[in-house]
Amino acid sequence: MIQPIELVVFDMAGTTVQDRHEVEMCFLEAASHTGLSVTPERVLALQGYSKIYVFELLWKEMIGEKHPDLQEFVNNSYEIFCSILEHHYNTSNIFPTDGCLEIFNFLKEREIKIALTTGFYRKVTNIILGKLGWLNGLDSRYVGNKNTTIQASIASDEVLKGRPEPQMIHRAMSLLGVHDSMKVINIGDTPSDLKSGIRAGVRMSLGVTNGTHTRQQLSVHRNDGFLSKVSDLKQFIKNIDHSLVYEKV
């Protein structure tokens, strides 16, 4: 039986928020300041993951997981990164991606809920949401209503494990009262976004190709299709709606 879509879960940076590799540049700057040797390609491959997890992974690769100063190095790199990142978003203009507001309006017309998940921690998430006006109307749990731009925001430090684990998607479902993962679509621009959707068992885990990763880079990972921009989701929704009508007939 075909299920109607009740919730679309979007990634933020690169999917709904323009990202011209600024996060990677902030990460590489922090790595350089703290003696962590890493290539831009390696950082790009780890986009979407919790950033402290990425620093821990990279430091382990460089000095070994049994190094006595491992945690000190990880914490130092992460603190420097947070400072650089917060300064960047506090002092830079922030814009939605092409087609983002269009798809938000389309989903709102159909009373389909919108949740944003991110590898950022809450402080940076709120800087971005605040500048875009998307924080308006959200309560203390960062849950909105039918009149707010988005209906939920989940940051990586609000779950036990961030991407590629499905916990942020599950939290969005719980906060918004969506009980069937087949009524959920997940969209992101990184391999970790796709993986989290697959692991959550959602109806579709779609890659958007105008963000930080190309179609070629994403296509090697399990997925349910690609969007050249997020507003292309409209056709997927219309196809599902058409199937529901056909099934009833």
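The values are calculated or read from the model by the stated rules, or taken from the named source; none is laboratory data. Small disclaimer: the values here were computed from a predicted structure and weren't measured. So basically every Cβ, Gly included, is an ideal-geometry build from the backbone, and we count neighbours across all protein chains shown.
From the list 52, 2, the one residue that fits, being assigned to a helix (DSSP H, G or I) and touching a residue at least 12 places away in the same chain (Cβ under 8 Å), is 52. Any residue at all in the stretch 119-134 that is touching a Phe, Trp or Tyr at 6+ places or on another chain (Cβ under 9 Å), at pLDDT below 95 and of a type in the set (S, T, N, Q)? No, the stretch 119-134 has no match at all. Inside the stretch 1-23, can you point out the residues that are farther than 18 Å from residue 119 by Cβ and modelled with pLDDT of 90 or more? Once the filter is applied, which keeps residues that are farther than 18 Å from residue 119 by Cβ and modelled with pLDDT of 90 or more, the stretch 1-23 yields 4, 5, 6, 7, 8.
Checking 37, 50, 77 one by one, the residue that is in contact with a helix residue (DSSP H, G or I) (Cβ under 9 Å, 6 or more places away or on another chain), closer than 28 Å to residue 198 by Cβ and hydroxyl-bearing (Ser, Thr, Tyr) is 50 and no other.
Taking the residues in the stretch 197-233 that are in contact with a helix residue (DSSP H, G or I) (Cβ under 7 Å, 6 or more places away or on another chain), without any contact (Cβ under 8 Å) to a residue 60 or more places away in the chain and not in a strand (DSSP E or B) as candidates, determine which candidate is farthest from residue 48 (Cα to Cα). So the residue we want is 201. Exactly one residue among 106, 73, 81, 95 is surrounded by 15 or more Cβ atoms within 10 Å (Cβ to Cβ), within 19 Å of the chain's Cα centre (by Cα) and either among the hydrophobic types (A, V, I, L, M, F, W, C) or not assigned by TED's automatic domain parsing to the domain that holds residue 153 (or both), and that residue is 81.
With the condition kept exactly as written, say whether any residue in the stretch 29-46 is surrounded by 21 or more Cβ atoms within 10 Å (Cβ to Cβ) and hydroxyl-bearing (Ser, Thr, Tyr). No, the conditions are met nowhere in the stretch 29-46. Taking (1) in contact with a His (Cβ under 6 Å, 6 or more places away or on another chain); (2) within 21 Å of residue 131 (Cα to Cα); (3) among the β-branched types (Val, Ile, Thr) in turn, residue 80 satisfies each apart from (2). Residues in the stretch 87-115 that are assigned to a loop (DSSP other than H, G, I, E, B) and of a type outside the set (Val, Ile, Thr) were compared, and the one that is farthest from residue 6 (Cα to Cα) is 92.
Quick grid of which residues meet (1) hydroxyl-bearing (Ser, Thr, Tyr); (2) farther than 30 Å from residue 239 by Cβ; (3) out of contact with any Pro (no Cβ under 6 Å at 6 or more places or on another chain):
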| position | (1), (2), (3) |
| --- | --- |
| 3 | no, no, yes |
| 28 | no, yes, yes |
| 42 | no, yes, yes |
| 63 | no, yes, yes |
| 69 | no, yes, yes |
| 80 | no, yes, yes |
| 91 | yes, yes, yes |
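A count restricted to the stretch 99-140 and to residues that are closer than 28 Å to residue 22 by Cα and of a type in the set (Lys, Arg) stands at 3.
Being basic (Lys, Arg) and surrounded by fewer than 18 Cβ atoms within 10 Å (Cβ to Cβ) narrows it down to one of 238, 195, so name that one.
Values: 195 fails: surrounded by fewer than 18 Cβ atoms within 10 Å (Cβ to Cβ).
Residue meeting the stated conditions: 238.
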